[in-house]
Each structure stands twice: as C-alpha cells, then as structure tokens.
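Have a look at the structure below before the remarks.
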Amino acid sequence: MGKKVFVLAELREGVLRNVSFEAIAAGKQLADGGEIIALLMGESVQSYTQELIAYGADRVITIESDQLKHYTSDGYSQCLLTAIEKEQPDVLIMGHTALGKDLSPKIANRLNVGLISDITAIENIDNQWTFIRPIYSGKAFERKKMVGDFIFVTIRPNNIEAIEKDDTRTGAVAAIDVEVKDLAMTIKEVIRKASEGVDLAEAKVVVAGGRGVKSADGFKPLQELADVLGGAVGASRGACDADYCDYSLQIGQTGKVVTPDLYIACGISGAIQHLAGMSNSKVIVAINKDPEANIFQVADYGIVGDLFEVVPLLTEEFRKIKA
Ligand code: FAD
C-alpha cells in the first residue's frame, strides 16, 4: 500500500532551496505510489506552492504566521507537529541543512521515533528501505534501516537528483491554522555576512581558496571563475583564519560540508579537516604549486602551478566555451 510522505520545504531569502525538490524526489522513492505532501511554513508562502507541485508534490500544506518570518525551532516544531498530528504521515523528510539539523532531533524526540540523518542515497534491499550515509568525515559509508514503521530522514543537499520540473502538473493546496505561541525566543533581524549569490551548500560548482590565495584581493580571480561557472566561492580554514574571507565560507570538519559536481581547490594543502568537508564532491580539481600537496591524493585532476596564473586561464577558457 502506498505511503503518505511529508516533505518539509525550505525557503532561503525568498527562494525555495533545491534540497526541497530533492526531498520530494526521495519521497517519490519511498511513497510506493502514495502521496507526497510538501509542507511550507513562513510569513507569506502562497506564491511558492505551484513550484513544489511542478517538482512532484501531490499536495501542499501551508502554515502562515508573522511568527514564522524567521526560523525558530520552537515555532517550526509547533507547526510541524500540528500538521503531523492532523495528517498522520508514514514518512518525514527534510534537508540536512542548518534548519534540518536543528529541527530534526527535536521532532524525532517529540514523536518518539528514530532519525537517520545526512543520507546521500536510498536503496531497496530485500524489500526494506536502506539509507546510505557517510561516516568518519566521508571516509566510509554505512547502510541503515529504520527499526519502527515510521521513516524519518534528513537528506544531504546535492546528492539525490530532483525530478524534472513540469509546470503543467496540478495539485491541491490547503492551509492549516496554527497559533504559534510561547516562543522561547523571537528573531528580530537576520544579518547575513556571506556575499549574495549562489548558496555554497547547494552550489553545483565550488571554487575554494586556501592560504595560497594570500590576501582578500587574491579571492577575486576565484570569484570570477565561480561566476563564469555559475558556482560559489568557498575557503579553507587557513584562509579564514588569515582574515582573507569570512568564516561563513569555511569548508571542512568545523565548517560546511559540500558535495558539488565540481570542486576546484586553489592553494589549499588538503589537511584532513578540510577533506572532511569536500572529499565526496563528484569531481575534484586541485591547483597547487607544491606537487607533494596532500590535496592531490583526493583530486581527480591535479594542476601543479601558480593559482594566479592557472585560475585566470581557466576563467578565460570557460568564458570562450560559454560564449
Ligand atoms: P596551508 O596548509 O598553509 O596550505 C596552503 C597551500 O597553498 C600550500 O599547499 C601551498 O603549496 C599552496 N600555495 C601557496 N601559494 C600558492 C600559489 N601561488 N599557487 C598555488 N598554490 C599555492 N581546515 C579547514 O579547511 N576546514 C575545517 O573545517 C578545519 N577544521 C579544523 C578543526 C580542527 C580541530 C583543527 C585542529 C584544524 C582544522 N582545520 C580546518 C585546519 C587544517 O588543519 C589546516 O590548517 C587548514 O585546512 C590549512 O589551510 P590551507 O590548506 O589553506 O593552508
């Protein structure tokens, strides 16, 4: 019998995050012909519902409140639990994003169910759903199964492919009224330090700079390459510690974990703590003037050379291809 799947959609700066569409695709696998219900919360969210349907949601439930303008675990959990109580889904999926990492353990605890976090793939083995997740900073993978009947997973962005968008798809949209109350905290304003542009966690291409970039200005050629490729700029902690860029760009064990299609590491030595955040990228290109640099151990393509010569050449060539 088909399952009822709940997918938590996420908005970031007025745009639906791709991981919402990837979660719908994961839900399709688990639904077994059942219904995919996307849940969307915020201050005013009606204009985003059709996009969720176009990406495969059969139904969208909206919860609107001025208390939901900014994410708080209290506010979102009150709404999500109310919707779960009302709809009784069999499966719950959210992105393994900052929001999902904060919210999912709280929801699992309240529902008294298990949670398999940060999954990168789903397999059906002997008629049982099996979830694959990286462990030991991406050096190994484990397969996990839920013990109970309820399935609750968070999915790592950029790993499960979204279904092709079909604007002709139709689906029902309904609102649930929730009185959001007794919030332990309210957020007045969010001040983003990161630059505008492509979201680093979801970028298909990441151009990352390390201490070899040598200064804040040294990041400019990297930004140009990222712009040509429609990607985002990231950094090693070495570059952040040296004040060449903001810590919001840091990739690694104590920074962001990214899995883009293409990761270009420029002037990064490849310390184990950096590899923890990027070694599962699909294709890794390393540019380093030291042929012995550890980054070449994980790179699919290595360029031994000065990044200030190599990066502008790459940008020029990609520009020609794109023209
Ligand atoms: P370096 O190791 O100094 O490497 C610079 C590289 O640039 C060298 O390989 C050099 O050959 C090359 N280079 C120099 N000039 C050029 C040029 N002109 N052209 C090409 N190449 C050039 N690090 C992270 O990145 N992320 C983390 O999340 C993280 N978490 C940590 C957590 C802990 C608890 C600890 C102890 C450390 C952590 N680190 C982390 C730090 C990590 O150990 C390294 O110190 C850091 O990654 C080094 O940064 P880097 O590669 O930019 O600098």
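A few remarks follow.
- Residues (more than 12 Å from the ligand (Cβ to nearest atom) and either within 10 Å of C266 (Cα to Cα) or not in a helix (DSSP H, G or I) (or both)) located in the range 206-218: V206, V207, A216
- Test: V45 is within 16 Å of F152 (Cβ to Cβ), open to solvent by less than 50 Å² (accessible area, probe 1.4 Å) and not small (G, A, S): no
- Scanning the range 12-25 for residues that are modelled with pLDDT of 95 or more and either in a helix (DSSP H, G or I) or open to solvent by 50 Å² or more (accessible area, probe 1.4 Å) (or both) yields N18, V19, S20, F21, E22, A23, I24, A25.
- Just one of the listed residues (K101, K106, K28, K86) is more than 23 Å from G171 (Cβ to Cβ), outside any loop (DSSP other than H, G, I, E, B) and touching a residue at least 40 places away in the same chain (Cβ under 8 Å), and it is K101.
- As for the range 287-304, it holds at least one residue that is in contact (Cβ under 8 Å) with a residue 60 or more places away in the chain, open to solvent by 40 Å² or more (accessible area, probe 1.4 Å), near the ligand (Cβ under 9 Å from one of its atoms) and part of a loop (DSSP other than H, G, I, E, B).
- Filter result (more than 8 Å from the ligand (Cβ to nearest atom) and not β-branched (V, I, T)) within the range 275-286: L275, M278, S279, N280, S281, K282, A286
Yes or no, residue by residue, for (1) among the hydrophobic types (A, V, I, L, M, F, W, C); (2) part of a loop (DSSP other than H, G, I, E, B); (3) within 8 Å of the ligand (Cβ to nearest atom):
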| residue | (1), (2), (3) |
| --- | --- |
| V228 | yes, no, no |
| D243 | no, yes, no |
| Q253 | no, yes, yes |
| V258 | yes, yes, no |
| A265 | yes, no, no |
| G270 | no, yes, yes |
| Q273 | no, no, yes |
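The values are calculated or read from the model by the stated rules, or taken from the named source; none is laboratory data. Just so it is clear, the structure is predicted and the values come from calculations on it, not from any experiment. A quick note on method: Cβ atoms are made from the backbone with ideal geometry, for glycine too, and the neighbour counts reach across all protein chains shown. Remember, those area values only see protein heavy atoms, side chains included, never the ligands or the DNA or RNA. Shrake-Rupley method; radii C 1.70, N 1.55, O 1.52, S 1.80 Å.
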